[in-house]
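The block underneath contains the structure these notes are about, expressed in structure tokens.
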């Protein structure tokens, strides 16, 4: 008789071989460096390709997606879903949604902090040559200058952290489809010329890192908070 294995779920995730505590963050750092270098290498190629294939209606669609995929909107969707599953007493879903909100917020906060410090000119910033201008340029502080906040993509990091929690929590084939939604948000930022390719790639890695970190560290206390059985 065949034995029936328990299906992976937020309560019963598949077990993975334990890694030394120092190895996991090191892997993330290596992946981040490799992905960033790859992105920097193809930045101008991607910018040129998008500029040469601009379609007006598609640009308008990308602008709408970019707006709907920002942090406040994602938190709004999650809040509505949280109310629904809360009334239905789906405590496991409450835990997952709360972790999605935490992950998205953390990833957004980190990337936004880095963007303020890096001062990278956006590809649609025609006031200055492409480059990194830090906190101050030409006698002006750049903290409030949107066109100097390109690296990394906050939209992309937030979206991949937000939807990435679903993948980490369930580890099923259908769960990975949510990363397509995050990918479309990242694409929209490229298509409206708001970010370089490297900005988006680094945002992907940062977002997935916070998705994993949040589920590993925040899910247990959140489960106790919502009294998940």
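The values are calculated or read from the model by the stated rules, or taken from the named source; none is laboratory data. What you are looking at is a predicted structure, and each value in this text was computed from that prediction instead of being measured. So basically every Cβ, Gly included, is an ideal-geometry build from the backbone, and we count neighbours across all protein chains shown.
The rows are residues; the columns are (1) at pLDDT 90 or above; (2) loosely packed, with under 10 Cβ neighbours inside 10 Å; (3) within 26 Å of residue 185 (Cβ to Cβ).
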site	(1), (2), (3)
1	no, yes, no
4	no, yes, no
11	no, no, no
16	no, yes, no
22	no, yes, no
29	yes, no, yes
34	yes, no, yes
43	yes, no, yes
53	no, yes, yes
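Of all residues in segment 78-113 being on the phi < 0 side of the Ramachandran plot and not in a helix (DSSP H, G or I), which is modelled with the lowest pLDDT? Outline the logic, then answer.
Initial filter on segment 78-113 (on the phi < 0 side of the Ramachandran plot): 78-88, 90-113.
Now drop any that are not not in a helix (DSSP H, G or I), which leaves 88, 90.
Details: 88: 83, 90: 90.
For segment 78-113, the residue satisfying everything is 88.
Checking segment 174-196 against the condition returns no match, with no residue being more than 15 Å from residue 67 (Cα to Cα) and more than 19 Å from the chain's Cα centre (by Cα). Residue 150 fulfils the conditions (1) in contact (Cβ under 8 Å) with a residue 24 or more places away in the chain; (2) out of contact with any strand residue (DSSP E or B) (no Cβ under 6 Å at 6 or more places or on another chain) except for a single criterion, (2).
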